[in-house]
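Single-structure report; data block below.
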Amino acid sequence: MENPLTPEVLADPVALTRALVDIESVSLHEKAIADCVEEVLRGVPHLTTFRHGNTVMARTDLGRASRVVLAGHLDTVPLNNNFPSTMRGDLMYGCGTSDMKSGVAYALHLAVTLPDPRYDVTYFFYEAEEIESKYNGLFLVAEAHPEWLQADFAVLLEPTYGIVEAGCQGTMRSVVTTTGVRAHSARSWHGVNAIHGAGEVLRRLSAYEARRVTIDGCDYREGMNAVRISGGVAGNVVPDRCEIEVNYRFAPDRTPAEAEAHLREVFDGFELRVTDVAAGAAPGLEAAPAKEFLAAVGAAPIGKLGWTDVARFAAMGIPALNFGPGDPNLAHHPDEHVEIGKIRDGAATLHRWLAPA
Ligand SMILES: [Zn+2]
């Protein structure tokens with residue numbers, strides 16, 4: 001295949017977004033797009049380029065006082081009659097237009113066209129963000145080459161509709177179990193019904209008042225919800241076991257241990273086990289490159305409510321935020337699209353921030 005990422009395409013973030021969208025790259029099938037990106041970067045004299053699996057990293061080494069990361073994932077969710085891209089007026093439709101090839105286009109465009117950025121820059125183009133964490137390119141690099149991720153500040157170019165979304169909430173999944181004693185339902189007084197026992201768990205959840213926390217001017221709104229319930233043996237048996245899966249989304253001022261302690265307090269008296277947890281990330285807007293980034297954007301940041309790869313950087317002590325042109329509400333949507341004007345605005349913002357003083 002001839003590389004569609006020609007110099008003319010690389011010079012224009014809009015054309016580049018479209019070219020990237022038109023290289024199919026559903027998770028675990030990123031080889032073709034990673035090959036194209038790697039070939040481009042290896043041809044750029046001011047960059048040193050590395051590859052790990054289908055994750056490509058390129059960096060400047062100008063001896064600047066600070067290093068920043070610009071990162072985007074190359075993969076998309078499965079196609080849904082939305083490939084290749086189409087244009088309708090000022091909107092570009094197609095799988096990955098919003099999440100997040102328009103963001104990837106920023107990083108690739110700047111990598112190629114900005115030989116002398118104000119900070120040293122590490123550009124990441126990584127695989128498998130949309131699926132299980134064990135395949136995630138940033139996770140794999142953090143395991144194999146943690147030094148590649150060293151930086152003072154990171155921008156993940158995920159869709160935020162041009163707004164700065166800082167930090168992210170943590171998420172904890174747990175299972176609350178109620179137990180009872182089995183009996184024939186015709187003689188139910190011999191048993192104890194575990195599903196009835198779940199009533200108290202659900203009452204505590206519906207009465208629960210979630211916290212709102214403000215950190216560095218960003219508002220985080222917590223939530224605790226039953227997301228699944230299971231129990232029952234047969235149509236004529238008093239059940240002896242009921243499991244309620246509870247998802248707790250917690251603000252980044254709480255560690256996973258504190259989140260678990262809080263869950264145990266809420267469900268005091270019940271058996272509870274934590275099945276999965278991902279720590280949140282504080283917004284970390286105090287670092288100098290972060291402050292300068294916010295000045296370039298010129299609008300107040302908001303707290304990110306979902307979990308994103310921002311937390312991977314936070315776990316390494318690197319403040320990180322999300323900033324991209326796509327509309328997050330359109331991510332994974334069959335009508336996924338991006339506004340051309342948003343692509344151009346965000347590209348100008350990043351250029352203002354990174355261009356030499
Ligand atoms: Zn994404």
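The values are calculated or read from the model by the stated rules, or taken from the named source; none is laboratory data. Quick caveat: nothing in here was measured; it's all calculated off a predicted structure. Note: ideal-geometry Cβ built from the backbone for every residue, glycine included; neighbour counts use all protein chains shown. Please note that ligands, DNA and RNA were not included when accessible areas were found on the heavy atoms of the full protein model with its side chains. Shrake-Rupley method; radii C 1.70, N 1.55, O 1.52, S 1.80 Å.
If the requirement is being within 16 Å of the ligand (Cβ to nearest atom), of a type in the set (D, E, K, R) and out of contact with any Cys (no Cβ under 6 Å at 6 or more places or on another chain), which of these qualifies: 309, 335, 345?
On the way: 335 fails: within 16 Å of the ligand (Cβ to nearest atom); 345 fails: within 16 Å of the ligand (Cβ to nearest atom).
Of 309, 335, 345, the one residue that is within 16 Å of the ligand (Cβ to nearest atom), of a type in the set (D, E, K, R) and out of contact with any Cys (no Cβ under 6 Å at 6 or more places or on another chain) is 309.
Applying the selection to segment 214-226, what residues are surrounded by fewer than 17 Cβ atoms within 10 Å (Cβ to Cβ) and either modelled with pLDDT of 95 or more or not in a strand (DSSP E or B) (or both)?
216, 217, 223, 225, 226
State yes or no: is residue 203 in a strand (DSSP E or B), free of Cβ contacts under 8 Å to residues at least 24 places away in the same chain and open to solvent by 60 Å² or more (accessible area, probe 1.4 Å)?
Judged against the criteria, residue 203 is not a match.
Please work out which residue is nearest to residue 252 (Cα to Cα), limiting yourself to segment 165-196 and to residues that are at pLDDT 95 or above and surrounded by 20 or more Cβ atoms within 10 Å (Cβ to Cβ).
Result: 172.
If a residue must be touching a Leu at 6+ places or on another chain (Cβ under 8 Å), within 15 Å of the ligand (Cβ to nearest atom) and open to solvent by less than 10 Å² (accessible area, probe 1.4 Å), how many such residues does segment 114-136 contain?
The qualifying residues number 4.
Restricting attention to segment 102-110, does a residue exist that is open to solvent by 10 Å² or more (accessible area, probe 1.4 Å), closer than 26 Å to residue 46 by Cβ and assigned by the TED database to the domain that holds residue 290?
Yes, segment 102-110 contains a residue that is open to solvent by 10 Å² or more (accessible area, probe 1.4 Å), closer than 26 Å to residue 46 by Cβ and assigned by the TED database to the domain that holds residue 290.
Between residues in segment 330-342 that are farther than 10 Å from residue 97 by Cβ and residues that are β-branched (Val, Ile, Thr) and within 12 Å of the ligand (Cβ to nearest atom), which pairs lie under 8 Å by C-beta distance while being six or more apart or on different chains?
From residues that are farther than 10 Å from residue 97 by Cβ, the pairs are 332/77.
Of everything in segment 51-68, what is more than 16 Å from the ligand (Cβ to nearest atom) and within 20 Å of residue 135 (Cβ to Cβ)? Give them in sequence order.
Scanning segment 51-68 gives 51, 52, 53, 56, 57.
For segment 86-100, enumerate the residues that are away from the ligand (no atom under 15 Å from the Cβ) and open to solvent by 10 Å² or more (accessible area, probe 1.4 Å).
Hits for segment 86-100 are 86, 87, 88, 89, 90, 91, 93.
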